[in-house]
Amino acid sequence: MSEPVVVQGTTVASPYDHGVAVQSGSAPISDDFTKGSKQEVRCRDPIFALLLYANVGAICGVVGAYGTAAFEKAFGDANSTVDWAPYLYAAAVTGIFSMVLAGIMFLVMMRIPQFLIKTSLIFVVILSGVWCVIAFVGGNIIGGIIGAVFFALMMCYARAVWSRIPFATCNLVTAMTAVKLNCGVVFASYFFLLLAFGWSILWTIALVGIWDDTITCVVNEAGQNVCTEVNYGILFGMFVSYFFTHQVIQNTIHVTVAGVVGTWWFAPEEASSCCSAGLCDSMKRAMTTSFGSICFGSLIVAIIQALRALANAARSNDDGNAILVCIAECILQCLASIVEYFNKWAFIYVGLYGYGYLEAGKNVFTLFKNRGWEAIIADDLVSNTLFFVSVVVGGIAGAVGLVLSVTTDWFAQAASNGQAASFWLGFVIGLVLTSIAMSAIASAVNAVIVLFAEAPAEFQQNHPELSQKMRDTWQATFPGCL
């Protein structure tokens, strides 16, 4: 008998020794692959957790040193270079609205998953077509041609994957079943969402303080408002700080949900209630022994995202060679996508078995390679759907911000720019906060894929109805890959 496995702090039977034989159609796993197993309980990658604590402490210190003075200027000093009060009001209102709407969309996802998957796929195709039309109408022939190429590619992609929608739907339904039975993960997502919202406000206060302390604007003889140059070193540090903490918050949800789904998979009696033992232990492990691994992967993505934001700021301010800056943005976008893709799967193993960050990533990709599922995991229709939902909420939150700018006098001094600023502020806040809420579903989906590749027999034993549906749809979509 194999040693019991701990799935996020909950001891369950070994996922490889339940006495249930895997069906003969299962693909054999080669000898060079080591199946996931219980890891020694100790803090993994602790230095990166310390960096996160130092980051939060530094921002709190900045708020204490500069934030009070900056807020006094923003709310009561007529000589302040920027009136920040309306932006903070709009951020608070759109943030609260986004949290409520994110919860509603979570319920909608549980009711009509297949419809949303189809809608999101059609949305991507339409979006590429709109880009093409706008480019041609605006006289940008090159942009229009590129848009036409992308539109054609997206049409081909939609046609190729349309038959796979039932597979994606079944995967999503299985994941949502686990989430519904452990509905406490929804409240956990809201808890982390509130942390993200609070962090955004705290970071904004720190940025306001640094900005007012380092940027000086004066009116020259021509009546123009001239400001000192932006310190890109400070700006880069602030971007890293913001993205680092946000990534940690989002990935902590990811790891927690992975542990809950793992417990539900192997020992459903331990993960079939709102505040189940699986949920409590998963969250405890994610915030303690596995926290350093979460911070490790999050920091890598944060640095790349900060560099992208810096390049975008430089391009907006016409600093540097525009072509080189554009190339840098494209390269950084590709790097960010690669690392985020690696993290998505690595954190599943972190949540299930307590591996360190690098070892977890290596093991899960070895699993997929030996199963022959590289193409399957690349076919990510569910994440497109969740992104679509986040964009919808972001757009609605942006509309709320626009309504605020029209119906209140908050932006009276900002003229026409106030409406655009309030819309984009609401859009960004809604997009970010909803992405964190939707990540509970995304994490459950990814965990289901990993567990179905590694332990299909246990799924058949504990959840026969769902297992049969998964087997039927996966076999129909990818013959011979089960």
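Counting only residues that are buried (at least 18 other Cβ atoms within 10 Å of the Cβ) and under 17 Å from Ala442 (Cβ atoms), which one in segment 110-139 is modelled with the lowest pLDDT? Residue satisfying both the conditions and the ranking: Pro113. Within segment 39-66, can you find the residues that are open to solvent by 70 Å² or more (accessible area, probe 1.4 Å) and either among the β-branched types (Val, Ile, Thr) or under 19 Å from Ser200 (Cβ atoms) (or both)? Val41, Ile47, Tyr53, Tyr66 - these are the residues of segment 39-66 that are open to solvent by 70 Å² or more (accessible area, probe 1.4 Å) and either among the β-branched types (Val, Ile, Thr) or under 19 Å from Ser200 (Cβ atoms) (or both).
The set of residues in segment 406-419 being outside any loop (DSSP other than H, G, I, E, B) and either modelled with pLDDT of 80 or more or touching a Phe, Trp or Tyr at 6+ places or on another chain (Cβ under 6 Å) (or both) consists of Val406, Thr407, Gly418.
Condition check for Asp213 on (1) touching a helix residue (DSSP H, G or I) at 6+ places or on another chain (Cβ under 7 Å); (2) open to solvent by less than 50 Å² (accessible area, probe 1.4 Å); (3) at pLDDT below 90: one failure, at (2). Evaluate the following for Thr119: is it assigned to a helix (DSSP H, G or I) and under 30 Å from Ala286 (Cα atoms)? Spelling it out, it is not the case that Thr119 is assigned to a helix (DSSP H, G or I) and under 30 Å from Ala286 (Cα atoms).
Could you check, for segment 242-254, whether at least one of its residues is assigned to a helix (DSSP H, G or I), at pLDDT 90 or above and more than 17 Å from Leu194 (Cα to Cα)? No, that holds for no residue. Does Ala152 fit the bill of being part of a helix (DSSP H, G or I) and over 27 Å from the mean Cα position of the chain (by Cα)? Against the criterion (part of a helix (DSSP H, G or I) and over 27 Å from the mean Cα position of the chain (by Cα)), Ala152 qualifies.
Filtering segment 280-302 to residues that are assigned to a helix (DSSP H, G or I) and open to solvent by 10 Å² or more (accessible area, probe 1.4 Å) leaves Cys280, Asp281, Met283, Lys284, Arg285, Phe291, Phe296, Leu299, Ile300. Considering only residues in segment 261-279 that are of a type in the set (A, V, I, L, M, F, W, C) and in a helix (DSSP H, G or I), the one that is surrounded by the fewest Cβ atoms within 10 Å (Cβ to Cβ) turns out to be Ala277.
If only residues of segment 357-369 that are closer than 18 Å to Thr252 by Cα and crowded, with 20+ Cβ neighbours inside 10 Å are counted, the one that is modelled with the highest pLDDT is Tyr357.
The values are calculated or read from the model by the stated rules, or taken from the named source; none is laboratory data. These numbers come from a predicted model, not from an experiment. Because the Cβ atoms are built from the backbone with ideal geometry, glycine has one as well, and the counts that use them run over all protein chains shown. Protein only, heavy atoms only, side chains kept; ligands, DNA and RNA dropped before computing areas. Shrake-Rupley method; radii C 1.70, N 1.55, O 1.52, S 1.80 Å.
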